[in-house]
Each structure stands twice: as C-alpha cells, then as structure tokens.
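These notes are about the structure you will find just below.
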Amino acid sequence: MKAALTSLLTVVFLIVLPLSALAQSGPPALCKPCVFYAGDFDPTGFYSAAFPDENTFVYDNVKAYGAITIPRNHGVLVEGMLFQVVFNGESKLDPTETPWEIRIGVGEGGGGTLIASGQAFAHIQATGRFGDGPEYSVALKVNPPVALGAGTFWFNLTPQCTNKHDTACGSGQYLVSNTTLQTNNFRGALQPTGQIFVNSQSLNYPYTWENWCDLTNQQACATLSFGLMGKILK
C-alpha cells in the first residue's frame, strides 16, 4: 500500500509541474454556455498537480471527482461537463464515448448517492499548456440534462483508452489538472475547497473514496480544474 501511494503521488506532482501556458481570457471555448468554471491550471505554481482520472491499461478505472455547492434558493440545469486533462501519451481517446457521473453525499470511504450517469461522445480541444504531454479540454453533453437544486454535488468524467487493438492504449494515461490561482474562473467560488475525491477499482491503486487532501498537501488538493455547461434555473 505504501509503495502504491508513493508511486501515485510521484505521478500527481511530477507529471505536470513543467507545463507552460498560452494566454487565455475567460473559460475554455468548449464550456458553452458555461455556468461554472473552476479556473486554469497554473503552470508556474509550486502546488500545481494533476490527478489520475482514467480507464486505461495503465490505471484501470481510477476516477477523480470535483464538487460545486449550489446556494440555497438557486438551481442549475446541467447540460454538459468539462474536465481539463493532461494526455500523457497519444492525444486521443479510444473509444471517444466517455462515462460521466453526478453524485451527492460523497465522503471518506463512501460514494454517497449516484443521482445521474451516462456516457457521451467527448470533444477535445488543446488548451495550449504542455508538460509530459499536452493538456486538453475534454467536454461532453449530459443528455438528458440534469436539474440540480441547492446542495453539494460531485462530478466526474472518465477519459478512456481501452481498445486492445490500439497500441497507444498500452501506455497512455489521463490526469485531470488542479487550479491553484483559479485564473479565468467563472463562478469559481462555487467549488468548495478540499473536496477532490478519488475512487479506484485498480489493483495498483486501491483507494476507495479517498479525499485527495488525505493523500497530498492541502494546497495541491484544494480545487479541481473543471466546468459545467447549462442554465441557471433561479
């Protein structure tokens, strides 16, 4: 267990630190109509990191979850979801059909309640940031849309490379970025800090509903770089 943890944290902290970014203003182009965006990865930040989030032959079914808290007397219609993902390997998904989830009540050791899930074709678009592979916006439609009221909700989309006939799937990895400065955020304050969770069915990384703040330092695990598309209901 200790060896697995050491290996995982090496990936989290070392794979993204060299990234450099192009200038950008506002949320990613694929976050449209954008109702929430946590902010960009900070290429110069000491606590910049990325977290395994993938179904591949390297990390089998490791999921990272980011959260937002919708205030009282408000609501959001979620029509799409976006994660900022570092592609360590081939810059593609195979298959492009990408699973997604929305949950409530996530906590230490438990995934709460799954309130919506599915899979959809994922669009990818380069962010202009590079490290051990480029970072891409990975966005998909949530169909049918999901109406959310007040409360805290956790979101995941899981890039996949599971085609055994695709040689790229033998070594490629996907990691979702954090955002330390929340640059270009849109309603970024909706994300509660320290609520990035990991749930893994991988034998290499047996972490069942672990808060990343238990596995890394408080600065690196504070906020995830992701967004939601849709409408404000009230």
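The values are calculated or read from the model by the stated rules, or taken from the named source; none is laboratory data. Because the structure is predicted, anything quoted here is derived from the model rather than measured. Every residue, glycine among them, receives a Cβ derived from its backbone with ideal geometry; neighbour counts consider all protein chains shown.
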Seminar exercise, completed: By residue number, the members of the stretch 75-111 that are in a strand (DSSP E or B) and farther than 19 Å from residue 227 by Cα are 88, 94, 107, 110
For this session: Would you check which residues across the stretch 54-74 are at pLDDT 95 or above, in contact with a Ser or Thr (Cβ under 6 Å, 6 or more places away or on another chain) and more than 14 Å from residue 208 (Cα to Cα) and list them?
Result: 67, 69
For this session: Could you grab me the full set of residues in the stretch 171-193 that are surrounded by 14 or more Cβ atoms within 10 Å (Cβ to Cβ) and of a type in the set (Gly, Ala, Ser)?
Result: 172, 177, 188
For this session: Could you tell me which residue of the stretch 191-205 is nearest to residue 155 (Cα to Cα), considering only residues that are touching a helix residue (DSSP H, G or I) at 6+ places or on another chain (Cβ under 7 Å) and assigned to a loop (DSSP other than H, G, I, E, B)?
Result: 196
Exercise. In the stretch 35-63, what residues are more than 16 Å from the chain's Cα centre (by Cα), of a type in the set (A, V, I, L, M, F, W, C) and either more than 21 Å from residue 158 (Cβ to Cβ) or assigned to a strand (DSSP E or B) (or both)?
Worked result: 35, 46
Exercise. Does the stretch 112-135 include one or more residues that are in contact (Cβ under 8 Å) with a residue 60 or more places away in the chain, acidic (Asp, Glu) and either farther than 21 Å from residue 60 by Cβ or not in a loop (DSSP other than H, G, I, E, B) (or both)?
Worked result: yes
For this session: Run down 99, 95, 145 and say which single residue is touching a Leu at 6+ places or on another chain (Cβ under 6 Å), over 22 Å from residue 39 (Cβ atoms) and touching a residue at least 12 places away in the same chain (Cβ under 8 Å).
Result: 145
